[in-house]
Amino acid sequence: MVEYKKDIQTWQADVTKTITFIVTKDCQLACKYCYLVAKNDKHKMTWEVAQKGIDYILSKADDYPEESVIWDFIGGEPLLETDLIDKICDYIAEHALQPEERDFNQTIFFGSDASASQIADAARRYPMMAERQVVIVKEAQNLKNTDALEKYMKQPLSSTVLVICHKNGK
């Protein structure tokens, strides 16, 4: 029994916070197992709602002491709202750091131009004269081999905000 409690405490020490945006209830499929009962194309998250949510979360950073925070996007078919998701990711990148911190603490990669090793190495760096750094990967579906990035995800650096933008169903 004591060993069980020790295992639970160890597991809970590495909790990841997940923040979920339901960007749409629209979907072109009719899957029998789908959790969305009332699919329709009129229920979409507006940019104003997304922006208020991001501002609130970024203003409450002290409430998220976990080693990693995952922002995910769900809905009927979230890829129907790639423009909104891109805008959300850009907004996070623009507001996660103060303007004077960005020069040394913000790195942007494109999946077709970078390797997972380069991205993981950048994510392992410590911020310079700031509490955190932001590493953004746009068009991540174009990464060839993600092994190095997957390895990094098992032990992420708490001072790194890693934003991975993956779309187009690849």
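The values are calculated or read from the model by the stated rules, or taken from the named source; none is laboratory data. Keep in mind the model is a prediction, meaning the values are calculated, not measured. Glycine gets a Cβ as well: all are built from the backbone with ideal geometry, and neighbour counts include every protein chain shown. Quick note on the areas: whole protein, heavy atoms, side chains included, nothing else; ligands and nucleic acids left out. Shrake-Rupley method; radii C 1.70, N 1.55, O 1.52, S 1.80 Å.
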Item to check | Ile108, sole failed condition from (1) surrounded by 19 or more Cβ atoms within 10 Å (Cβ to Cβ); (2) outside any helix (DSSP H, G or I) | outcome: (1)
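Yes/no per residue for (1) at pLDDT 75 or above; (2) more than 30 Å from Thr107 (Cβ to Cβ); (3) small (Gly, Ala, Ser):
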site: Cys27; (1), (2), (3): yes, yes, no
site: Asn40; (1), (2), (3): no, yes, no
site: His43; (1), (2), (3): yes, yes, no
site: Trp47; (1), (2), (3): yes, no, no
site: Gln51; (1), (2), (3): yes, no, no
site: Ile57; (1), (2), (3): yes, no, no
site: Val69; (1), (2), (3): no, no, no
site: Leu80; (1), (2), (3): yes, no, no
Checklist entry - Is it the case that segment 62-75 has a residue that's among the polar types (S, T, N, Q), in contact with a strand residue (DSSP E or B) (Cβ under 8 Å, 6 or more places away or on another chain), within 20 Å of Ile19 (Cβ to Cβ) and in contact (Cβ under 8 Å) with a residue 60 or more places away in the chain? => result yes
Next on the checklist: For the list (1) free of Cβ contacts under 8 Å to residues at least 60 places away in the same chain; (2) not in a loop (DSSP other than H, G, I, E, B), I need the number of the one condition that Ala93 fails.
Outcome noted: (1)
Item to check | Ala123 being farther than 30 Å from Tyr33 by Cα, part of a loop (DSSP other than H, G, I, E, B) and either of a type in the set (A, V, I, L, M, F, W, C) or touching a residue at least 12 places away in the same chain (Cβ under 8 Å) (or both) | outcome: no
Checklist outcome for this item: All-but-one check, Ala130 against (1) under 22 Å from Pro99 (Cα atoms); (2) open to solvent by 30 Å² or more (accessible area, probe 1.4 Å), failing number (2)
